[in-house]
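The values are calculated or read from the model by the stated rules, or taken from the named source; none is laboratory data. Given the structure is predicted, the values throughout are model-derived calculations rather than measurements. Please note: Cβ atoms are built from the backbone with ideal geometry, for glycine as well, and neighbour counts cover all protein chains shown. These area figures cover heavy atoms from the full protein model, side chains too; ligands, DNA and RNA do not enter into them. Shrake-Rupley method; radii C 1.70, N 1.55, O 1.52, S 1.80 Å.
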Amino acid sequence: SKRAAASALAEVALLCDDDTRLQCVVPYLATLVSDASAAVRCLAVRCLVRVTCSVQSISPSDAKVFQDYVLPCLSLLPNDPEESVRVEYAAGIAKLAEAAHRHLSQLQHDAHEAVTATTQLPAAGAPAGGSQPGNAPAASEQGQAGAEGSA
């Protein structure tokens, strides 16, 4: 049955890496969210929330997985004719929002660190102009000595 398959898939997904969860498992569970059976829809929402929230890190290429994929596939559930589906949605949406916020914050932090590291590279490495770090003080001392001798 679809319910047994969704449950088994969600259990196996917890043993997989994050990319496999996002690229293989989440799309399958997302299709079950619109199943004709309310019991399948409920279980699909529960499994989708569980698998998505178990993802520890999202690559920059998957940064919009929540806003472009996960949340839109759930968008019709608040108006589902079955109360059990609406209840399952209500129970899971806060968890999904927290996971989305956590991943967005981590991606922003990583991007900020990358920019900071890039802008600090010249200061940490060789100075601009190709001079060697050990030669920079000597060159400035020579400039000062030349300025004193001509004065």
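The table for this structure:
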{"quantity": "Some residue of the range 47-64 being exposed (fewer than 14 other Cβ atoms within 10 Å of the Cβ) and either assigned to a helix (DSSP H, G or I) or in contact (Cβ under 8 Å) with a residue 60 or more places away in the chain (or both)", "calculated": "yes"}
{"quantity": "Long-range neighbours under 6 Å by Cβ, at least six apart or interchain, first residue farther than 19 Å from residue 50 by Cβ within the range 78-91, second aliphatic (A, V, I, L, M) and assigned to a helix (DSSP H, G or I)", "calculated": "82/38"}
{"quantity": "Residue match in the range 5-25 (condition: β-branched (Val, Ile, Thr), touching a helix residue (DSSP H, G or I) at 6+ places or on another chain (Cβ under 6 Å), touching a residue at least 12 places away in the same chain (Cβ under 8 Å) and under 17 Å from residue 98 (Cα atoms))", "calculated": "no"}
{"quantity": "Answer residue from the range 61-86, given it is β-branched (Val, Ile, Thr) and within 17 Å of residue 32 (Cβ to Cβ) and is modelled with the highest pLDDT among those", "calculated": "85"}
{"quantity": "Some residue of the range 79-98 being over 11 Å from the mean Cα position of the chain (by Cα), open to solvent by less than 80 Å² (accessible area, probe 1.4 Å) and of a type in the set (Phe, Trp, Tyr)", "calculated": "yes"}
{"quantity": "Selected residue (criterion: farthest from residue 18 (Cα to Cα)) from residues of the range 72-104 that are acidic (Asp, Glu) and part of a loop (DSSP other than H, G, I, E, B)", "calculated": "82"}
{"quantity": "Positions within the range 22-46 being open to solvent by 40 Å² or more (accessible area, probe 1.4 Å) and not in a helix (DSSP H, G or I), in sequence order", "calculated": "34, 36, 37"}
